[in-house]
Structures are given as C-alpha cells and as structure tokens.
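Engineer: One structure follows; several queries about it will come next.
The values are calculated or read from the model by the stated rules, or taken from the named source; none is laboratory data. The model shown is predicted, which means the values in this text are computed figures rather than measured ones. When we count neighbours, we look across all protein chains shown, and the Cβ atoms used for this are built from the backbone with ideal geometry, even at glycine. To get the accessible areas, we keep the full protein, side chains included, count just its heavy atoms, and leave off ligands, DNA and RNA. Shrake-Rupley method; radii C 1.70, N 1.55, O 1.52, S 1.80 Å.
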Amino acid sequence: MQTQAGDDLIGRILTHSSHDDVVGPAANELLSQLFAGYPVDNLGRLLHSGDDATVRTGTWLLSELGDLATPLMDEVPALLSHPHREVRFFAVEVVLTSSDSEHGPVIAQAINMISDYDEAIRWKVVQLLAAATADQLEAGESCLQAGPVKKLTEWLVRQETEEPDARDVIARLHSSDPASRLFALAAAARLSEEDSALLEQAATVEDEEIRSFAELVLSELG
C-alpha cells in the first residue's frame, strides 16, 4: 500500500511539474512516505526526468532526508553542476546533511562552488563550510586540487585543531580576495557558539554579502 501511494505521488509530480499547487502538497506527502519507508531510490525518477522543475523537487526532497538520502549521493555531482540555481542550492544542502567521510569528492565539488557566479549559491556554500563536521571538511580538503580553495580549506580545518588566531580571521575578512573573505566568515560562524566576537566583526565589514550573512547568524544566536 505504501509503495503504491509513493508511486502515485511521484506520478503526480511528474505529470503536473509546472503546477505548484499540485506539486507542493504532493512533494510534502511524498516526504512523509519516504520517512515512513518508501524507497528513496525511487526519487531517481524525478532526478532523471529532464524537467528542471521536477529535478528541483527531487533535489529538495533529498535535502530534507538527512542520512536517508545517502544511497543517492552518486546523483549529487550532477545536481551540483545543474544549470538551475535552486537545484544547485538544494544539492549543497544534501552534501551538508547526507555526506560523510566517504564522500570526499562530492564535498570537494561543493566547496569549489564558493566561487559560483550566483550569490545565493555562495551563501549556501558558506553555510556548508560553517556547519560541516571536521570529518566532512577534512574529507573534502583531501580531494581538492592544489590551489587557493584547497589552501583555504586547509586553513579552515586548522581552526578546529589549533588555537584560532582572531587577528588572522579578521585580516581575512578584509582581504581583497572574495573567497578568502567567505572562508573567514565561515570560520567566524564556526567559532560563534563559543565566542561571537569575530562574527560581530564580520557584521561591520563593507562587503554586504559578508555583513548580511553575519547579521543573520547573530540573530539566530539570539
């Protein structure tokens, strides 16, 4: 019965991909079915539909599943490079919530998106860098090619293993290099639960992208 219900919901999403009033409720119901045991592999029908809106729905569902999405991690590299911004956005969330130390290449791919042309994607990658476990960061760093992003990721990992250098973080927040500023922002966010001073510094910089993220995290900290 459960399998039939899940299949019917996927069919409804595929048939009515352009009708949000149909897809939204069907996707929410399908999410409940997935948590109740409907096979997550069946989301491949959405991810391989060829329709951007449907792929977006499938990726959003993956982003909500946490560890349950792990069997479909092989799908994520294509989603991270998808032309639709919301697909890429939700795919980064899948990396954060569903990857582990065995998924270094896909974590590295997501980290490299720190230079994405879309500010919303860069914002999401900063969230990944700020919230990822040390194991996730180390796995991603080990699979990055030599270059600036690898060095920045190594630096971010060291903030976990060494005494953080507040002056270094602040200097990087004011760097002329956009990626350096974003990594410094992630470092400030990672340290904020113990001390919000660096995040408060980030909230004063000229770069609006940095400032707005810092202000949001500070508001969440209360």
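Engineer: Return a yes/no flag: does segment 45-57 have any residue that is crowded, with 21+ Cβ neighbours inside 10 Å, among the polar types (S, T, N, Q) and in a helix (DSSP H, G or I).
Structural biologist: Yes, the conditions are met somewhere in segment 45-57.
Engineer: Taking the stated definitions as given, is Asp8 more than 22 Å from Arg85 (Cα to Cα), in a helix (DSSP H, G or I), open to solvent by 20 Å² or more (accessible area, probe 1.4 Å) and free of Cβ contacts under 8 Å to residues at least 60 places away in the same chain?
Structural biologist: Answer is yes for this residue.
Engineer: Could you please find all residues in segment 200-214 being free of Cβ contacts under 8 Å to residues at least 60 places away in the same chain and assigned to a helix (DSSP H, G or I)?
Structural biologist: Across segment 200-214, the qualifying residues are Glu200, Gln201, Ala202, Glu208, Ile210, Arg211, Ser212, Ala214.
Engineer: Then there is this: Within segment 96-182, considering only helices (runs of 4 or more DSSP H) that don't extend past its boundaries, which have at least 1 residues that are open to solvent by less than 70 Å² (accessible area, probe 1.4 Å) and closer than 26 Å to Thr59 by Cβ?
Structural biologist: 104-112, 119-131, 134-143, 148-161
Engineer: Then there's this: Can you go through Ser63, Ser18, Ser32 and tell me which one is loosely packed, with under 14 Cβ neighbours inside 10 Å and in a helix (DSSP H, G or I)?
Structural biologist: Matching residue, one of Ser63, Ser18, Ser32: Ser32.
Okay, residues lined up against (1) touching a strand residue (DSSP E or B) at 6+ places or on another chain (Cβ under 7 Å); (2) farther than 15 Å from Ser98 by Cα; (3) not β-branched (Val, Ile, Thr):
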site	(1), (2), (3)
Thr15	no, yes, no
Ala27	no, yes, yes
Gln33	no, yes, yes
Pro39	no, yes, yes
Leu47	no, yes, yes
Thr54	no, yes, no
Leu61	no, no, yes
Ala69	no, no, yes
